[in-house]
Amino acid sequence: MSPYRIIFNKAYHLPAVKQSNLAYNQVDKQRKLQLQELDELRLEAYKNSHIYKKKVKKFHDQQILRKEFQVGQKVLVFKSHLKLIAVELKDENKNSTFQVNGHQIKLFHEEHLLGETISGRAIIR
């Protein structure tokens, strides 16, 4: 509380206070400009992240090797919990067919390493 208010019981407006109060209009404009600039920066960052995601997805998709199998090819079956692409296989030993995920199998090459026998082969039917 100012001494003037204590004595006269009303507020006294100094010239410095009047000038600072007149600057509210300018401050309001500056704040609006700052908010607009922040909004533009946010939108630009969103666009840049969207472009980056597209580029990363394109690069990732180019790195994925496509697996194409033909009837009669031998494949190795890997156990996995993913169920993405179903491929029907025929087991030579049991003479039965079953379906597996296409990501679980790889092409089987018949060269044996160090004379080992490889079991678990299946033929695509």
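Laboratory data are not the source of any read-out in this text; all were calculated from the coordinates shown. These numbers come from a predicted model, not from an experiment. Reconstructed Cβ throughout: ideal geometry from the backbone, glycine too, with neighbour counts over all protein chains shown.
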Spin-label model distance (nm) - S96 vs I51, 7 Å beyond Cα toward Cβ: 5.7 nm
Nearest-0.05 FRET efficiency for K29 and Q63, computed from C-beta distance (R0 35 Å): 0.10
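Once you have the Cα-Cα distance between L41 and V71, take 0.36 nm times their residue separation minus that, and quote the gain in nm to one decimal. Walk me through the numbers on the way to the answer.
Values: separation 30, 0.36 × 30 = 10.80 nm, distance 5.57 nm.
Stretched out fully, the L41 to V71 stretch lengthens by 5.2 nm.
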